[in-house]
Structure formats: C-alpha cells, structure tokens
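Below is one structure; the comments refer to it alone.
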C-alpha cells in the first residue's frame, strides 16, 4: 500500500494531497504484520490461543514427534500398608503400559519410567515430584513435548472442601498412606509448558473427573455411538493440551481383574480398564482410532470379552480443549 502511494505521489501534481490521503488510509487500515487478529474469524469471535482451540493436526501424537515422547507409568498394590486394602494387578498395569509404549509404539525405553510400590509405598510427595520432574523438563529442554502418564491404584471420594464441585464431592487418588485431591492434581499439571501434549490413563475408582478438566465426553450406555460433550465450566488454566482417559465415572468403581496379559498367553492380575485400554491401542488400526470413540471402544472390549468384570464401569474421556470429531490419537 505504501509503495503504491509513493508512486502516485511521483506522478501526481497534487502530491501533497495524495500523500496525506495515503497516510490517513494507512493509519485506518490494520497492520497485518503486527495484528493478533485472525481474518478467518468473525468480527465478534475471539482468537484461539494454545489449548483453547481444536488442534490443527490430524493426530494428537504425531509420528514426526515420536522421538520426543516421554512416559511415566505408576502402579500401586498397597501390600505393604496394612490399613489400605491390597490390590493385585496395579504394578502389572504399569509394566504393561511400559511394554506397550516401548515395544508396540517403538518409544525408546530410556525415555520411559516405571514407578511401583514393590520396594516401598509411593507417597504423595513421590508422585507429585515425578510429575514436577516431567513438567520442568518441558521448560528446560527443546520442544514440542509429548508425555504419557498412567496411574493405577485406589481412588476414593470425599466431601468437597473448596466449593468448586457440582456434585459437592472431590475425587482423590490414594498414594501410599496419603491422598491427592483432584484440586492438587490439577494444580500440578499447570506446570507443563504450553507446547506439551499430555495423555493420561487413570485406572482407579471414581476417576471420571479426577483432574477437573473443562470438557468431558461420555457415550450413551444404550447407544454407544452417541457421544455427549459436557462443558463443565472449569477454567482452562492448564497451558498444555491435556487428555485424560479414566477407568470409571465419578460414582463408579473400577475392577481389579484376572485376565490374559496383553503381550502373552498367560493370565495375570491386572486392572480391567488398563487391560482393555492396551488391547484397544494395539488392535485398532491407528487410522481408525478416533479419540472421541475410545470410551465406547473400551465398552465393546468388555462386552466381547470371555470373562466380564464390573459391567457398570464406564470409561470417561476428559480434555482441556474442545475435541474435533476427527482427531485421532496416534499418527503411527
């Protein structure tokens, strides 16, 4: 615009008037090089930043960023804590997720970490410090960052103490002799850099809203092909993209089961959800693994299983960004 104005000045006998008109036009026009306005949005729409908009990629974890993925897989059986009821399969869950990530997905084992309570309880401070360690790496190391985390153990509930729960109940993760509230877990994940994409698996009872994320996706129990999006009204204050797949809805329990292991023909104790989750991740071709469909796919796994545990356990998908219906989980 400015170049054309100068040319007109050189040719016009009314150079001064033309110059003033061009300057006025320039001042009234938006400076696109410096404007944050996105012309693809309507006048009354706001611009999307970070995790507040749908992803502009087909896959949540892209093939080209596979080498950047890090993992933390935790499992607690509580067999060294007399006052907490013992579980049988949670340590196996952690190792099963590790084997799936390292063998099926080809993620370097050196980027993956397993923490169990085999040699001592996993206290609240240990679990939160592991999350903090990963979060700090997203600030100190070059991104983009892709992180997978699994929690397998006890979950419980108690009356809400902060007034932020619609059902007036907090969801809690049992870590050794300690409990970690959904508020504390939410706060811990605020530390991750905004270039991070988080994928979290939670195999505990009462885990449907354990991270207090703003969007929840539930399938209709009678018509699993119908998925309802629920805007919980929560703040979108976690800078990273975050996706959580939980074993059960808030009022439900999750089964500790005895099932065929994902990678062998032998049977072992495992979380029913973890077993079905890994099977789904392995058996559904990646081009068909749409994120919105995952809870219903887990339901199909249960209905077609030879042995069925806890048919009243329904998986939940939660995010801190609005899902596009065509988003797929992995690009390979």
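Quick one: is residue 191 over 25 Å from residue 322 (Cβ atoms), outside any strand (DSSP E or B), assigned by TED's automatic domain parsing to the domain that holds residue 160 and out of contact with any strand residue (DSSP E or B) (no Cβ under 7 Å at 6 or more places or on another chain)?
no
Could you please give the count of residues in region 295-320 that are modelled with pLDDT of 90 or more and either touching a strand residue (DSSP E or B) at 6+ places or on another chain (Cβ under 6 Å) or not assigned by TED's automatic domain parsing to the domain that holds residue 256 (or both)?
7
Across region 132-160, what is the total count of residues that are touching a residue at least 12 places away in the same chain (Cβ under 8 Å) and closer than 25 Å to residue 85 by Cα?
Looking only at that region, the number is 10.
Residues checked against (1) surrounded by 15 or more Cβ atoms within 10 Å (Cβ to Cβ); (2) more than 20 Å from residue 279 (Cβ to Cβ); (3) not assigned by TED's automatic domain parsing to the domain that holds residue 181:
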{"site": "69", "(1), (2), (3)": "yes, yes, no"}
{"site": "83", "(1), (2), (3)": "no, yes, no"}
{"site": "92", "(1), (2), (3)": "yes, no, no"}
{"site": "100", "(1), (2), (3)": "yes, no, no"}
{"site": "109", "(1), (2), (3)": "no, yes, no"}
{"site": "118", "(1), (2), (3)": "no, yes, no"}
{"site": "137", "(1), (2), (3)": "yes, yes, no"}
{"site": "151", "(1), (2), (3)": "yes, no, no"}
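Every residue, every condition in (1) crowded, with 18+ Cβ neighbours inside 10 Å; (2) at pLDDT below 95; (3) under 17 Å from the mean Cα position of the chain (by Cα), yes or no:
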{"residue": "196", "(1), (2), (3)": "yes, no, yes"}
{"residue": "202", "(1), (2), (3)": "yes, no, yes"}
{"residue": "205", "(1), (2), (3)": "yes, no, no"}
{"residue": "225", "(1), (2), (3)": "no, yes, no"}
{"residue": "241", "(1), (2), (3)": "yes, no, yes"}
{"residue": "245", "(1), (2), (3)": "yes, no, yes"}
{"residue": "255", "(1), (2), (3)": "yes, no, no"}
{"residue": "274", "(1), (2), (3)": "yes, no, yes"}
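The values are calculated or read from the model by the stated rules, or taken from the named source; none is laboratory data. Keep in mind that this is a model prediction, so the values were computed, not measured. Note that we place each Cβ from the backbone using ideal geometry, even for glycine, and neighbour counts take in every protein chain shown.
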